[in-house]
Amino acid sequence: MKGMAGADGMGSMAMAPPLGDHAGKTAPPHMSMTHMSFFLGDRAVVLFPGWPGARGAGAYLLCLLFVLALAALTEALAAVSRCVARRGRGEGGDGSAPASSAALLTAAHAARMGMAYLVMLAVMSFNAGVFLAAVTGHALGFLLARSRVHPGTARGSGAAARDRELGGLGIPPSDGSKP
C-alpha cells in the first residue's frame with residue numbers, strides 16, 4: 001500500500017479540531033452565531049451578510065417589506081404564467097403552444113422559482129417577523145392576483161363556468177359538466 005502514510009488511511013491530512021469544547025465557551029470571534037429556532041428581534045441576518053443586521057428598526061422594517069413584496073410577486077407570477085399558458089393553448093388549434101409562448105412561460109416559471117427560493121432562504125433566517133412577512137406576502141399576492149375576487153366586474157356565464165374549476169387549476173368539476 002504505497003502512498004498511505006498512516007494506518008488509518010488518512011495520509012498526512014490532519015483532523016480539524018471542533019469549534020467549541022461544549023464546556024460553555026463561545027465560538028471564536030470570526031464565527032457568527034446562527035439561530036436554530038424562531039426568534040423575534042430586529043437583529044436578524046436575512047439573505048445577505050450584515051443585512052439588515054444591527055442597522056436598526058428602520059432597516060429591519062425595510063427587510064420585512066422586501067420579503068413581503070417578494071412573496072406577493074411570487075404569487076403574481078404564478079397568475080401570469082397561468083394566463084400565458086391559457087393564451088398559448090388557445091393559439092394552437094392542436095393544443096400545442098407556439099415557441100414564443102413556451103419561452104415566455106419558461107421565463108416566468110424560472111423567475112417565479114427564483115423568487116420562491118429567495119423567500120425560502122429569507123424564512124430560513126428563523127426570524128418570526130420575516131416568517132410572518134413571507135406568509136402575509138403570499139396571502140396578499142394570492143388575494144390580489146389569483147383569488148378571482150375583483151370588485152366592479154360583472155359576473156357572466158363565463159365567470160360561472162370558470163368558478164366550477166377547482167381552484168383555477170384546470171381540474172374539471174366532478175359533476176361531469178364541462179367548464
query: Condition test on G167, is it surrounded by 11 or more Cβ atoms within 10 Å (Cβ to Cβ) and either assigned to a helix (DSSP H, G or I) or modelled with pLDDT under 95 (or both)?
result: no
query: Which one is surrounded by the most Cβ atoms within 10 Å (Cβ to Cβ), of the residues in region 96-121 that are within 22 Å of L132 (Cα to Cα) and touching a residue at least 12 places away in the same chain (Cβ under 8 Å)?
result: V119
task: May I ask you to verify whether G152 is part of a loop (DSSP other than H, G, I, E, B), loosely packed, with under 12 Cβ neighbours inside 10 Å, modelled with pLDDT under 55 and not aromatic (F, W, Y)?
output: no
- prompt: Of these, G95, G88, G50, which one is more than 28 Å from A139 (Cβ to Cβ), modelled with pLDDT of 60 or more and assigned to a helix (DSSP H, G or I)?
  reply: G88
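The values are calculated or read from the model by the stated rules, or taken from the named source; none is laboratory data. The structure presented is a predicted model; accordingly, all values stated were derived computationally and were not measured. Ideal geometry is used to build each Cβ from the backbone, glycine not excepted, and the neighbour counts take in all protein chains shown.
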